[in-house]
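The next block holds one structure in the form of structure tokens; read it before the comments.
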Amino acid sequence: QILGGARSTCACRLPAAMSEHVMFFDRSPPGTTDVVKPFDPEPAGPRRCGEAQQPVPPGLLEALGFGPGGPRQRLRDEAFSEFARVAGGPDEQMTEERFIAIAAQLFALNRHTARACFHACDVSYDCRLCRHQYLLFREAFVHTDSEYSSHPAILELRLRAVFHKYVVTRPAQRHVRGTALTRSEALTWIRDLCAGETHVSQVAEELLPALKAFSPKRRMSGSDGKDDASPTSSGRRSSNFNGRRCNAPVCLDEDSITIEEFVGMFNQGNIRELLQKQALSMDDLVASIKNPSACPGQPVHAFSRAVLDGRAETAILRWSGRDVFPAEAGFPTRQRGVISSNVPGDAVNEEMQLDPLVRAVGGWRGPLAAPRDSEAYELASRVLEAAQRFAREEVRNEDRLDRRWLTDGEVLEEMLGVGEQRQASGLRLLAAACRRQLEAEPPLVRVAVPAKVFGDIHGQLRDLLMLFQQFGFPSHCGGDIQTTSYVFNGDFVDRGEHQLEVLCLLFALKAIYPAHVFLLRGNHEFRDMSEMACGNAFKRHIKWRMPSQWSSVYDAVHGTFDWLPFAAHVGGRVLVLHGGLGDGSWGLHDLEQVQRPLKELSQSFLLDVVWSDPSDSDHIMYKGVHENPERGDDKVHLFGPDITEQFCQREGINVIVRSHQYVPQGYKVMHGGHMITLFSARNYVGQDENDGALLLLAPDRNGHLRIHPKTLLALPLPYDGEADLDGEERFESKAFKRGFFGASSAARRSVRSLSEGCAECFEFLRTGSTRKPSRRSLSGSPAGLRC
């Protein structure tokens, strides 16, 4: 009836007068029912609110309680604030591609659903959303259980989205103006409608009782089932395949269905009549076997189409003994390596016009990425090129500790240029570019697979570059960033020799590849940790590196840190966070509700997210929640394997990847395999021989999201390059190592920051004695330290 027989388009149209009467929003402008000029440019230039026709019908927001002083003013202010943050200002307009990127992170909407919602709320038909239309989107598709969900305008927005969903799935379809559903699209809509919960429940009420009719006596788990198996006792015709029976210990309840019952129901009885009553047939039953959703382990390629990118990468090798090419060679004058440029003309057929069906829509870097002609992109590209150059050179050199590699600022000069003023200006620019990306992300980001996850870095840039060089670099010029996501799990700064260089690299990656690079917050991305007077803390490090410019750079960096997400949901099955679960009483929804920017840990569960630790054993004695004296705060918990298992079951995830503690192999599997500790800085601050590692999360052909550890082997300590140690480096001797790691945890914390001291202090460090040294001043210490 809906399709109107053999008609090619939907026949259930209302008369024009009636349509105008029942539609809350204006009708769509006229157009064709075919693919509508798929690559027409969008309206030129950003349009401000109020420059075109009325964005929403007058009085609608007041009717929904969003007026000034209305009962839902808080929700309106929240939506407007969110819109201003992700659109670039309260009076800006949000394009379709930007909305798609935002909806994927904030509301987990796929591209087709996001496009359908966008065009449903674009009631002015100008391919942009203003803040009022964004408010309607949240009301119609986010706050679905509000008391205003039955309002005619909200219902119409949802119906418009349903209609547009089947329009935007057409290959190369860009606009929805004046479109109509074809018969094939209408059939797809009906097919999806029949798979809804209401229809499924109705069919189940008819079929399942009929199936139970063939089971007068239920088989109990563990019984021999002789009576049930005989045809005479059950009254059923047995299966034609009377092979060996499976005696697996399966617990059957009153709703369980055995294979004998399932086959018997279809072999006799009136099941065909029941199917016909529900407009189903045996052919539908057979067709369900080939349904891709019934075989989740089978790789299903659901790509709408294959498209061509307009840029290409070229690898330039050494040529005639030279590393630099002359301009007449056809390449820009630059060092050898991989360059990115537009597809050259002689690589395209003469007189060819690209078919819209194979033309890409949007950039693969994402709509929020820094534009190629921007200053931020130029600087970020320079940083990335310098990092790749250092990585290629160092992989050919003799291995060494990060603290023994280019410690006089050579790396930062290559990245940002020479001079403190220039370097400070560049770092502030990168921090601002990264912050703009982070402001558009939720506190819990969603990451596509395959993905690489990195643990603590702590300013050890060389280790990070070696992991990149050996296992894939995050670049589209000689790397794998176009196919792989990168997650960096906090603790970027403090203690290492290249803290500023690590920040430059990570900020540059986020600015260029925001849809592929994700930075998470650890406990060292807070001001209280950066301002600790002990050791090589970040504030102390930046004041030493930039004596006159440090304050503005420090504020810019921490202003970016305040927007960092706290966790990443990778592939829908893995949760990445820095610390741990604590008492496990919180959930993913709590993470999604965290308000940023966040300067201090104001919520107790966030303290556990960035600080807590898992028990170091799966023994029964470690179950539950315990005090964590290692962290020196009774609010930070130590949690057992049962807490991890309960959390995973409740939140629908399989594995939790965390960092926060160095481990000998760079990674450690814990809590029945549901917890992995990951640490990427090897030879941590030169005091131990721990490896550095990353985890590759990639789908396999068995339907698994497989976790592959990748390890960078530690250097043995002490090694030949440590012969000239003095001052702080003397602590790395074997005698100190035995004493330091044999001492109590409190003693280790109290002495980790010392660089020089009296003979009594050195004896304390060497032996690991818990006897505290006297608190007298060190007159010979250049730093004026106390014992």
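The values are calculated or read from the model by the stated rules, or taken from the named source; none is laboratory data. Quick caveat, the model's predicted, so the values are computed rather than measured. Backbone-built Cβ (ideal geometry, glycine too); neighbour counts: all protein chains shown. Note: accessible area is taken over every heavy atom of the protein model, side chains too, but ligands, DNA and RNA are not part of it. Shrake-Rupley method; radii C 1.70, N 1.55, O 1.52, S 1.80 Å.
For the reader, a short list of remarks on this structure follows.
- Annotation: amide H-H contacts under 5 Å for Gly692 (H modelled 1.01 Å from N, sequence separation of 5 or more, or interchain): Arg682, Leu712, Ala714.
- When the surface is traced with a 1.4 Å probe over the full set of protein chains, Ile259 keeps roughly 120 Å² accessible.
- Of the listed residues Glu147, Glu139, the order by accessible area with a 1.4 Å probe, largest first, is Glu147, Glu139.
- Simple spin-label estimate for Ser150 and Ser281 in nanometres, 7 Å along Cα-Cβ: 4.0 nm
- Phi-based couplings in Hz for the range 540-545 (Karplus 6.51, -1.76, 1.60; Gly and Pro marked x): 5, 5, 6, 5, 6, 7
- Using 0.36 nm per residue and subtracting the Cα-Cα separation, the extra length available between Ser184 and Leu588 on full extension is 141.5 nm.
- The stretch between Ala84 and Asn110, if pulled fully straight at 0.36 nm per residue, gains 7.1 nm over its current Cα-Cα span.
- Accessible-area value, Thr483, 1.4 Å probe, nucleic acids and ligands omitted, Å²: 100 Å²
- Residues of the range 485-513 with amide N under 17 Å of a point placed 7 Å along Cα→Cβ from Asp528: 491
- For the peptides 195-206, 466-477, the ranking by packing is 466-477, 195-206, with the highest mean count of neighbouring Cβ atoms within 10 Å listed first.
- Under the Karplus curve 6.51 cos²θ - 1.76 cosθ + 1.60, θ = phi - 60°, whole-Hz ³J(HN,Hα) for the range 640-656, x wherever Gly or Pro sits: x, x, 5, 5, 5, 5, 5, 4, 5, 5, 5, 9, x, 10, 9, 9, 10
- Under 5 Å from the amide H of Tyr486 lie the amide H atoms of Lys452, Val517, Phe518, each residue being 5 or more positions distant or on a separate chain, with H modelled from the backbone and absent for Pro and chain starts.
- Compactness of the range 87-185 as Cα Rg over 2.2 N^0.38 Å, two decimals: 1.04
- Environment charge at Phe561 (Cβ cut-off 11 Å; Lys +1, Arg +1, Asp -1, Glu -1): +2
- Residue-by-residue Karplus 3J(HN,Hα) for the range 404-417, coefficients 6.51, -1.76, 1.60, Hz, glycine and proline x: 9, 10, 6, 8, 9, x, 5, 5, 5, 5, 5, 7, 10, x
- Where labels lie 7 Å past Cα in the beta-carbon direction, separation of Lys599 and Glu413 in nm: 3.7 nm
- Amide H within-cut-off set for Ile316, under 5 Å, with H built and near neighbours excluded: Gly337, Val338, Ile339
- Relative to its residue count, the range 551-646 spans a Cα convex hull of 123 Å³ per residue.
- Ala315 paired with Gln353, simple spin-label distance in nm, labels 7 Å along Cα-to-beta-carbon: 3.8 nm
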